[in-house]
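Enquirer: Sending over a structure as structure tokens; questions will come in a sec.
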Amino acid sequence: MRDGSDYAIVASKGGWADHPLWYLNLQANPACEIEIGRQKLPTTARTANASERQRLWPRLVEVYGDYANYQSWTDREIPVVILSPRN
């Protein structure tokens, strides 16, 4: 989901108890590239802080309602990842 110049993605893994491996990879190396349509954009990933997640989570659930279900299926807080463009 677009958020200003950033993008927000969800590390839900369908509500499983553990984080998806791609999320752990981004924690180890936050430099990544996303593809939007035909455009490739170099970005840096970081986990949203508590206030950012609180602001973004309702919008993300609006985009994909199953995120709320996934959160109810797990004890872990599902991370929201912010991807910021790199220059």
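Enquirer: Mind checking which of ILE9, LEU24, LEU83 is farthest towards the positive end of the chain's charge dipole, using Cβ charges of +1 (Lys, Arg) and -1 (Asp, Glu) about the Cα centre?
Expert: It is LEU83.
Enquirer: Can you give me the distance in nm between label points at LYS40 and GLU62, each placed 7 Å from the Cα along the Cα-to-Cβ direction?
Expert: Inter-label distance under the simple model: 3.3 nm.
Enquirer: Also: Taking the Cα atoms of region 1-45, report the difference between the largest and smallest coordinate on each principal axis, in whole Å and largest first.
Expert: On the principal axes, region 1-45 reaches 33, 20, 19 Å in Cα extent.
Enquirer: Would you kindly derive the ³J(HN,Hα) couplings of region 39-49 from the backbone phi angles with the Karplus curve 6.51 cos²θ - 1.76 cosθ + 1.60 (θ = phi - 60°), listing them in order in whole Hz, with x for Gly and Pro?
Expert: After applying 6.51 cos²θ - 1.76 cosθ + 1.60, I find 8, 9, 10, x, 9, 10, 9, 8, 7, 4, 6 Hz.
Enquirer: Here are several values of Cα Rg over 2.2 N^0.38 Å: (i) 1.42; (ii) 1.07; (iii) 0.98. Which one was derived from the coordinates shown?
Expert: Matching entry in (i) 1.42; (ii) 1.07; (iii) 0.98: (ii).
Enquirer: If you don't mind, there's one more thing I want to ask. Which cross-chain or sequence-distant (5 or more) residues have an amide H under 5 Å from the amide H of THR43, H modelled 1.01 Å from N in plane?
Expert: CYS32, GLU33, ILE34, ARG86
Enquirer: How large is ³J(HN,Hα) for each residue in region 73-82, as worked out from phi by the Karplus curve 6.51 cos²θ - 1.76 cosθ + 1.60 (θ = phi - 60°), to whole Hz, x for Gly and Pro?
Expert: Coupling constants for region 73-82: 8, 9, 7, 6, 6, 5, x, 9, 10, 9 Hz.
Enquirer: Something else: Under 5 Å between amide H atoms, partner at least 5 residues away or on a different chain: which partners does VAL10 have, H built in plane at 1.01 Å?
Expert: Amide H neighbours of VAL10: VAL81.
Rule-based calculations on the coordinates, nothing more; no lab input. Everything numeric here is computed off the predicted structure, so don't read it as measured data. Here the Cβ is made from the backbone with ideal geometry for all residues, glycine too, and neighbour counts use every protein chain on show.
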